[in-house]
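The values are calculated or read from the model by the stated rules, or taken from the named source; none is laboratory data. All figures in this text were calculated on a predicted structure; none of them were measured in a lab. FYI the Cβ positions are ideal-geometry reconstructions off the backbone, even for glycines, and counts take in every protein chain you see. Side chains included, ligands, DNA and RNA excluded: accessible areas come from the protein's heavy atoms. Shrake-Rupley method; radii C 1.70, N 1.55, O 1.52, S 1.80 Å.
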Amino acid sequence: MALFITLRDARDVATILATDIEAEARKLANRIVTLGGQPAQITVAKAGRT
């Protein structure tokens, strides 16, 4: 996780991560999208780190 944070902060790029740990998502993401249901649909979209 530390390497990802270093690389993300050093470059201006868009990244998509998938995790099942909400605390990790809050630490790493600017925006968090939660999927649910079958077929999966966006159920929640909220801000992550600021």
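If you take the residues in region 23-38 that are part of a helix (DSSP H, G or I) and small (G, A, S), which one is least open to solvent (accessible area, probe 1.4 Å)?
A25
When you scan region 1-11, do you find a residue that is at positive phi, free of Cβ contacts under 8 Å to residues at least 60 places away in the same chain and of a type in the set (G, A, S), even just one?
The answer is no, given that none of the residues of region 1-11 is at positive phi, free of Cβ contacts under 8 Å to residues at least 60 places away in the same chain and of a type in the set (G, A, S).
Sort out which residues of region 1-22 are part of a loop (DSSP other than H, G, I, E, B) and either touching a Pro at 6+ places or on another chain (Cβ under 7 Å) or of a type outside the set (S, T, Y) (or both), and write them in order of number.
Within region 1-22, M1, R11, D12, V13, A14, I16, L17, A18, D20, I21 qualify.
Looking at I5, I16, can you tell me which residue is modelled with pLDDT under 90, among the hydrophobic types (A, V, I, L, M, F, W, C) and open to solvent by less than 90 Å² (accessible area, probe 1.4 Å)?
I5
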